[in-house]
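To start, the structure itself, in structure tokens.
The values are calculated or read from the model by the stated rules, or taken from the named source; none is laboratory data. Treat the numbers as computed from the prediction; the structure is a model and nothing was measured. Don't worry about glycine lacking a Cβ; one is built from the backbone with ideal geometry, like all the others, and counts go over all protein chains shown.
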Amino acid sequence: MNNGYILITGASSGIGYQLAKIYAQKGRKLILVARTLAPLVALQQQYVGNIEVIQADLSCLEEAKHVYLFTQKQGWFIHTLINNAGVGLLGDFTQTELEEEIAMVNVNIQSLMILTKLYLQDMLKMNKGHILNVSSVAGEMPGGPQMAVYYATKAFVTSFSQGLRYELRHTGINVSILAPGPTLTNFVKTATGTENSTLFAMLKFQTAETVAQYTEKHLSKGKLIIPGFWNKLMVYGHRFLPRALVIALINRIQSSKKAS
Ligand SMILES: NC(=O)c1ccc[n+]([C@@H]2O[C@H](COP(=O)([O-])OP(=O)(O)OC[C@H]3O[C@@H](n4cnc5c(N)ncnc54)[C@H](OP(=O)(O)O)[C@@H]3O)[C@@H](O)[C@H]2O)c1
């Protein structure tokens, strides 16, 4: 991880921001990507010389390609790509806004796939690199009523990353998946519109800092990185239950969010 840059998407808040802070403190060379520049610039000013920032809206696929072209033009080799940017949306699929779902699919799936495809070419030339795709415990579930598209995007991230890791098994390139559970970040507010619901009283939240610290510690060996005991229990435990029951339970939990 010492040669080249670590590129983190969604580095302006939450898990991505905390990861950026950890790597900046370790003196790593970073490229930070998000729409909101201020937190990125603040880190850049704090760790002078080690951080580059790129403002990009990853719901626009051309901007994802532009991120790659810009770094390529600068001659920056990305050794570690952290596809962390992600958004969620709560609500019945019949009631939610299609445009928001399209933007979610663009950020959570399409831009992640585009950046992976493009940076992978350079990693293959060097026969080294690491891709960390941020999925979710949701990505392991058989379905997520009331957040159906979000759960499906994370299932994509998990499935895609596992397939890619196998394809790359004889190369020097690693693919890891981070599957956080409920984490106290802006995501909670932006995805669900609330943070004071029954759901949030029920769930075991971690801080973004804890998730980022755990991730950094387990990245070099981790294939599926699941921070926290309760999240591991959800991922491995639900496999012993009928899929229909798991979906009904998720529906119950998600509905409590809407009701509150
Ligand atoms: N929090 C949870 O409970 C939880 C659980 C499981 C998985 N996750 C996953 O963890 C990842 C990080 O989320 P978080 O919890 O840290 O939430 P967060 O604090 O809301 O951070 C999301 C990041 O994604 C960026 N982003 C969102 N839309 C973007 C766009 N159109 N273009 C570029 N960047 C965009 C945001 O930056 P700007 O708004 O500045 O662009 C922000 O930096 C996501 O993939 C999320 O799905 C979160």
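Check the stretch 120-130 and report whether any residue there is touching a strand residue (DSSP E or B) at 6+ places or on another chain (Cβ under 9 Å), under 20 Å from Val211 (Cα atoms) and in contact (Cβ under 8 Å) with a residue 40 or more places away in the chain. Give the derivation first.
Just the residues of the stretch 120-130 that are touching a strand residue (DSSP E or B) at 6+ places or on another chain (Cβ under 9 Å), to begin with: 120, 122-124, 126-130.
Narrowing the set further to residues that are under 20 Å from Val211 (Cα atoms) leaves 130.
Keeping just the survivors that are in contact (Cβ under 8 Å) with a residue 40 or more places away in the chain gives 130.
Checked against the condition, which is being touching a strand residue (DSSP E or B) at 6+ places or on another chain (Cβ under 9 Å), under 20 Å from Val211 (Cα atoms) and in contact (Cβ under 8 Å) with a residue 40 or more places away in the chain, the stretch 120-130 yields at least one hit.
A search for C-beta distances below 7 Å between a residue of the stretch 84-104 that is among the charged types (D, E, K, R) and any residue that is in a loop (DSSP other than H, G, I, E, B), counting only pairs 6+ apart in sequence or on different chains, returns Asp92/Gln146; Glu100/Leu89; Glu101/Leu89. Gln55: more than 20 Å from the chain's Cα centre (by Cα) and surrounded by fewer than 18 Cβ atoms within 10 Å (Cβ to Cβ), yes or no? No: the conditions fail for Gln55. The selection criterion, being under 25 Å from Lys223 (Cβ atoms), aromatic (Phe, Trp, Tyr) and touching a Pro at 6+ places or on another chain (Cβ under 9 Å), does not hold for Tyr5. Yes or no: Leu37 within 14 Å of the ligand (Cβ to nearest atom) and surrounded by fewer than 20 Cβ atoms within 10 Å (Cβ to Cβ)? When the stated conditions are applied, Leu37 passes them.
May I ask you to verify whether Asn106 is among the polar types (S, T, N, Q), over 27 Å from Arg28 (Cβ atoms), touching a helix residue (DSSP H, G or I) at 6+ places or on another chain (Cβ under 9 Å) and within 12 Å of the ligand (Cβ to nearest atom)? Yes; evaluated as a whole, the condition is true for this residue. Scanning the stretch 165-180 for residues that are assigned to a loop (DSSP other than H, G, I, E, B) and more than 6 Å from the ligand (Cβ to nearest atom) gives Leu168, Arg169, His170, Thr171, Gly172, Ala179. Between Phe240, Phe156, Phe187, the distinction of being modelled with pLDDT of 95 or more and within 25 Å of Ile109 (Cα to Cα) belongs to Phe156 only.
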